[in-house]
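One structure below.
The values are calculated or read from the model by the stated rules, or taken from the named source; none is laboratory data. Not measured: the values here are computed from a predicted model. Don't worry about glycine lacking a Cβ; one is built from the backbone with ideal geometry, like all the others, and counts go over all protein chains shown.
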Amino acid sequence: MCWDFWKSVHMAAKRITILAAFCLCAGCQAIDRRDSSDELHPLAEALPRQTQAEPGAPYAAPNRLQAEPEQRSQFVQPAAHIQPVQPPVSSEPIAPLPAFHADASGENMTLIELEEVALVSNPALAVAQARLDAARGKWVQVGLPPNTVLGYAGQQLGSHGLAEQQGVYVQQELVRGGKLRLNRAVVAREVEQAEQHLAAQQQRVLTDVRLGFYDVLIAQRRIEVTRQLSEIANQGVTTAEALFEAQEVSQVDVMRARIELQTASLLHQNAQNIYTAAWSRLNAVMGGSHLGPTPLIGELEAVVEDLDPDQAIQRLLAESPEMAIVLTEVERARWVIDRAYAEPVPNVDVQAVVQRDNGTGGNNGNLQVSIPIPWLDRNQGGIREAEASLVAAERAVGRLELDLQRRLATVFQQYATARNQFHAYSKQDGILSHSKTALDFVRGGYQAGESSYLDLLTAQRTYSQTNLAYIEALGELWAATVEIEGLLLKNSLTAAE
């Protein structure tokens, strides 16, 4: 009886082998590879085909495009000065812009100290890190094979135990076509994108801190200038009152001097409000650290050397995490196409049953193998969808290039205008120097009775407006410089990922 049993199993296995061979042939015809002559965007063409389904583990998949590793590093690495790390905040602070000169002194805070606080406390980085961890978890999950099924099998259960056949079965689905490895190859690109998103958020945080840092420095300078203007206006009131007592000027001059003092005092109060608001914005970027208004150490006049627009756009295209994200999406789309072509490859479902036959008093076994035949559904629609997604990803690279150029043009215009104003105001024989000389000359003439108060008032207002305009130009110059050096990445608390 045992020999007959195994003979039956052998015949069943032979028939199953013939059926499986037929299905395999049908499946192979369903996974013809796409034509490799597609036209790609130049930057996307330079991006090589990854052969790694798992970080650190090789994956031998057929490659459609090949390129040297150096080419890939040129396009998809994060910004050179903002490498994503795990955890995202390294023990070493990220280097600030070359022109930042800040040294700790007493309770005064430096830019590097503010950056360290922001990299620890800004919630945008925690969000980006969590999404990176989620992508890594997804990578693990999509490569796991289906679970084995263990069950009970019973036949002729109504025979009062006379002819019942009861037993257990084990069922396993065998995934074919490299689907699991392709799943991980697709999600590996998503992990890379999440890393680039983290790098982008790090850069946004640093840019926001630097913008806030110079915003506060400008506010500090504005307070100093408006205080000086108040002192000058106060001296004008004192001089006007003294001349009025000497009957050299009229009461109108005294009233004008007091109005000028009130105007200067109002500017000083407004400057204090601007300083408070600047600190509030900086605190928000640093994660709501609730630092009180503290003097900051920095040199506003130590501006960076003149930036070159051609070098700026080249650096932007080479180092921007935004560009790396869209280029990685192109690579991901290629893997999605491979996965779509592998979808019709039939999986094998194997079921083995061992039973006790009460009718014969013996044991028997069953082996069942099923394979779907991909002759109706060959994933035609999924393949078309994946190929269209690749085209969209390639076009997105060109769109981002143009968008970066457009954004840089706007910021660079602000930079060039502010730079010209800075040089015009600050040079030795510039506007600031001339306005101060004119004020001193008219003030001396007024005290000597040689100039009218209207001349003094005009000189004071010119000096006041010139200093405030210089401060505004200096603030705009630093804002544009920081934004260009920060790869146009800012607004860490509001930027959509």
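Tabulated values for the structure
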read-out	value
Pick from segment 436-482, criterion among the β-branched types (Val, Ile, Thr) and more than 30 Å from residue 306 (Cα to Cα), ranking: surrounded by the most Cβ atoms within 10 Å (Cβ to Cβ)	442
Filter result for the condition that a residue is among the charged types (D, E, K, R), in a helix (DSSP H, G or I), farther than 30 Å from residue 342 by Cα and under 45 Å from the mean Cα position of the chain (by Cα), over 204, 181, 258, 189	204
Residue 149 at pLDDT 75 or above, of a type in the set (Val, Ile, Thr) and under 28 Å from residue 185 (Cβ atoms)	yes
Looking only at segment 422-435, and only at residues there that are surrounded by fewer than 17 Cβ atoms within 10 Å (Cβ to Cβ) and part of a helix (DSSP H, G or I), the one that is modelled with the lowest pLDDT	426
Filter result for residue 310 (acidic (Asp, Glu), within 30 Å of residue 395 (Cβ to Cβ), assigned to a helix (DSSP H, G or I) and in contact with a helix residue (DSSP H, G or I) (Cβ under 7 Å, 6 or more places away or on another chain))	no
Filter result for residue 231 (farther than 19 Å from residue 462 by Cα, among the charged types (D, E, K, R) and either outside the structural domain of residue 126 (by TED's automatic domain parsing) or not in a helix (DSSP H, G or I) (or both))	no
Whichever residue in segment 271-306 is at pLDDT 90 or above and either in a loop (DSSP other than H, G, I, E, B) or of a type in the set (Val, Ile, Thr) (or both) and, among such residues, is nearest to residue 492 (Cα to Cα)	285
